[in-house]
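First comes the structure, then the notes that go with it.
Every number in this text was worked out from the coordinates using simple rules, so none of it is lab data. Bear in mind the structure is a predicted one, so any value in this text is a computation, not a measurement. Note: ideal-geometry Cβ built from the backbone for every residue, glycine included; neighbour counts use all protein chains shown.
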Amino acid sequence: MTIKGKKPGAAPKKAPDAAGAGGETHQVAGGDVATLTTAQGAPVADDQNTLRYGARGPALMEDFHFREKIFHFDHERIPERVVHARGYGAHGYFELTDSLADVTRADIFQRVGERTPAFVRFSTVAGAKGSFDLARDVRGFAVKLYTQEGNWDLVGNNIPVFFIQDAIKFPDMVHAVKPAPDRDFPQAQSAHDNFWDFISLTPESLHMIMWVMSDRAIPRSFRFMEGFAVHTFRLLDAQGRSIFVKFHWKPKLRLQSVVWNEAVKINGADPDFHRRDLWNAITSGDFPEWELGVQLFDEAFAEKFAFDVLDPTKLIPEEDVPVRIVGRLVLNRVVDNFFAETEQVAFCTQNVPPGIDFSNDPLLQGRNFSYLDTQIKRLGSPNFTHIPINAPKCPMAHFQQDGHMAMRNPIGRANYEPNSWGEAGGPREDPVRGFRSFAAEETGPKVRLRPESFADHYSQARQFVISQTPIEQKHIGDAITFELSKVERADIRARVVSHLRHIDEHLAATVADGLGLPLPEPAKAARPVIADLPPSNALSIVRNGPHSFAGRKFGILLTDGADAGLFDALVTAAEKEKAIYEIVAPKIGGVTLSDGRALPAQQKIDGGPSVLFDAVAVITSADGATLLAGDAAARDFVTDAFAHCKFIGYAAEAIALFAKAGLADDLDDGCMVLKTDADVDGFVTACHALRFWDREAKVAPDAG
Ligand code: HDE
């Protein structure tokens with residue numbers, strides 16, 4: 001047990017890492033139980049009963065231990081983030097693999113092989129702190145890099161574009177997606193009138209909408225998703241020369257998502273699916289990893305590019321500017337304390353070290369105000385930088401002082417600058433090392449005006465759609481149809497479809513048909529000319545899927561008498577693949593295999609439905625199959641796995657379960673009977689593809 005605060009008689013021990021929960025932490029050796037104290041350090045004799053007159057008499061005001069305990073409890077909560085409230089963080093490091101010293105003086109990009117400590121927080125956007133993980137939503141991908149020249153916060157998402165072009169619309173956009181103010185529902189979802197009303201009146205959002213309606217918005221885990229800083233930034237060299245940059249995080253395990261029906265069921269079966277996945281991966285030593293990529297381009301490219309590089313609703317296709325990999329991010333340590341680290345971490349887009357600078361992207365400029373402002377509301381004091389998770393790990397010296405909860409204050413007489421106290425007078429500016437902005441020359445009238453170069457709202461939305469495989473295109477159609485079917489006002493539904501007609505006529509027709517809606521006229525477009533852009537393979541998840549089953553999870557449904565040889569072969573193959581597995585059984589106590597071996601289970605069938613796994617195997621005895629055939633949860637296990645196009649391996653004895661579930665005649669090439677070790681190897685190899693998509697036409701006909 002770890003006790004925060006002073007343990008009487010114990011020597012104080014520094015926390016091993018200042019980025020951890022921080023402060024003085026005292027480990028209590030095994031068997032050595034610390035004395036409970038008040039927050040003021042007074043030992044407590046009785047923590048079970050308030051002080052009162054007689055056993056049944058009134059409580060006494062004098063009970064300072066009671067008052068302090070309840071007072072502190074009453075103040076435990078801080079406001080949750082206004083967006084991205086639900087999040088999960090972990091520590092790690094960034095390692096430079098390719099120097100960018102030729103284009104930037106940023107210290108983090110100078111020395112190949114050097115590691116910079118990092119903290120990452122993933123999040124959903126719309127839901128409250130206690131909402132479920134598999135909402136259809138954008139995922140936040142916020143990275144704090146503790147560089148030697150100050151913290152660099154790269155606060156990105158798992159989607160490379162955004163809904164709006166100007167920060168002034170952010171409150172409207174967020175109000176529209178959040179629960180309606182009168183009824184406070186629906187929670188953590190965009191399938192409602194207000195959201196689609198706003199979207200249909202804000203055509204600049206349609207490119208992002210295509211991403212959010214794709215499977216990108218229901219990732220399998222944080223470990224299988226990309227991250228993007230979205231905006232164009234600048235890199236600056238020592239001479240003040242600048243080049244534009246867009247930042248990308250690419251997961252080592254490549255991309256993977258779940259399917260919608262699965263997402264809905266995961267939310268019931270395990271609302272913490274993503275946080276549990278991250279925690280388990282790190283604590284088991286399977287450290288999640290991403291590569292950092294940069295797209296570098298100059299003013300000349302920006303001039304000739306078909307879209308404005310300052311427009312955050314547009315991306316630069318990787319075919320136009322390749323992504324150069326310059327480093328890797330590894331998450332190797334879970335937090336000690338969720339509140340101290342994940343909740344109190346304060347990302348600010350304004351935190352950039354020398355060598356990195358902003359562009360004029362109007363969304364980025366607005367964010368630079370919002371993030372600092374919001375931390376004061378959340379954390380209650382301008383001294384939030386004193387909290388260990390937010391404190392830089394490089395030397396700091398400045399004259400900021402006082403304020404609520406000030407932990408660090410200037411020492412000595414001088415707390416102003418300039419001063420004439422010499423060395424004792426504290427820190428001085430350094431014109432060479434210090435941060436300098438790019439000396440951009442700006443002119444123009446003072447106006448509120450959206451540039452003409454931001455006006456094409458459809459071309460890249462179309463490019464995204466046509467870059468998807470047919471199955472992914474189908475999912476986009478299904479998702480829009482689903483969402484709009486929850487919209488009560490028919491005119492809003494029609495208005496959305498009127499925009500889809502500019503993006504893809506087939507998509508518009510499919511959604512209209514799925515809604516039972518006559519195809520509306522195309523919406524009035526700000527810029528009617530639509531460039532027919534070529535498809536980009538980088539935009540599809542399926543085209544960027546895994547090369548192996550590493551990091552994925554098998555669910556192995558077993559009963560008593562299951563063939564021990566088959567089970568062992570499967571475990572060996574899974575381990576060779578660096579995959580994980582869980583045993584699902586009728587009882588949590590486990591099963592006895594055919595060779596008499598007792599195996600504990602990790603899940604009882606109704607607690608371990610197949611939606612929690614990437615592929616499943618069913619190994620039972622004939623009696624076991626009959627037993628499972630009578631169990632609705634076991635039948636769901638196989639029917640869901642089948643409906644979600646998973647690969648299914650099964651022992652021949654298990655067929656009675658499939659028959660009772662109504663699947664016996666439908667078993668296809670994605671369902672593989674396992675008799676020999678070679679069958680098992682074939683099954684595990686087939687699982688590299690993750691899904692047997694050919695099945696989907698059968699189990700989920702087109703929304704239209
Ligand atoms: Fe955020 N955003 N945002 N956002 N955002 C916040 O800051 C905001 C935008 C993103 O894990 C808030 O600390 C404005 C784009 C992430 O702690 C707030 C605008 C992108 C996180 C805020 C945007 C993001 C936030 C709420 C439009 C991707 C979670 C709590 C101009 C590039 C960070 C907080 C974490 C959080 C404002 C748009 C990503 C209110 C005004 C674009 C990952 O300051």
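Worth a mention:
- Cβ pairs under 6 Å, 6+ apart, first in the stretch 418-431 and among the hydrophobic types (A, V, I, L, M, F, W, C), second surrounded by 10 or more Cβ atoms within 10 Å (Cβ to Cβ): Trp421/Ala414
- Residue in the stretch 375-390 that is under 14 Å from Phe347 (Cα atoms) and loosely packed, with under 13 Cβ neighbours inside 10 Å present: yes
- Of all residues in the stretch 263-277, those satisfying the criterion of being surrounded by 21 or more Cβ atoms within 10 Å (Cβ to Cβ) and aliphatic (A, V, I, L, M) are Ala263, Ile266.
- Residues of the stretch 162-190 classified as among the small types (Gly, Ala, Ser) and within 15 Å of the ligand (Cβ to nearest atom), total: 2
- Leu519 assigned to a helix (DSSP H, G or I) and over 24 Å from Phe692 (Cα atoms): no
- Residue in the stretch 292-306 that is of a type in the set (A, V, I, L, M), in contact with a strand residue (DSSP E or B) (Cβ under 6 Å, 6 or more places away or on another chain), under 28 Å from Thr385 (Cα atoms) and more than 14 Å from the ligand (Cβ to nearest atom) present: yes
- Answer residue from the stretch 108-136, given it is among the charged types (D, E, K, R) and surrounded by fewer than 20 Cβ atoms within 10 Å (Cβ to Cβ) and is nearest to the ligand (Cβ to nearest atom) among those: Lys129
- Residue check, Lys144 within 25 Å of Leu310 (Cα to Cα), assigned to a helix (DSSP H, G or I) and within 12 Å of the ligand (Cβ to nearest atom): no
- Candidates are the residues of the stretch 215-244 that are within 17 Å of Ala135 (Cα to Cα) and within 16 Å of the ligand (Cβ to nearest atom); the one that is surrounded by the fewest Cβ atoms within 10 Å (Cβ to Cβ) is Ala217.
- Of all residues in the stretch 147-161, those satisfying the criterion of being part of a strand (DSSP E or B) and within 11 Å of the ligand (Cβ to nearest atom) are Asp153, Leu154, Val155, Gly156, Asn157.
- When residues of the stretch 147-174 are limited to those that are free of Cβ contacts under 8 Å to residues at least 60 places away in the same chain and within 19 Å of Leu206 (Cβ to Cβ), the one surrounded by the fewest Cβ atoms within 10 Å (Cβ to Cβ): Asp172
- Members of the stretch 63-87 that are assigned to a loop (DSSP other than H, G, I, E, B) and within 16 Å of the ligand (Cβ to nearest atom): Arg77, Ile78, Pro79, Glu80, Arg81, Val82, Val83, His84, Ala85, Arg86
- Residue list for the stretch 364-386, filter: among the hydrophobic types (A, V, I, L, M, F, W, C) and near the ligand (Cβ under 9 Å from one of its atoms): Leu364, Phe369, Leu372
- Of the helices (runs of 4 or more DSSP H) lying entirely inside the stretch 586-700, those carrying at least 2 residues that are under 22 Å from Ala269 (Cβ atoms) and small (Gly, Ala, Ser) are 632-643.
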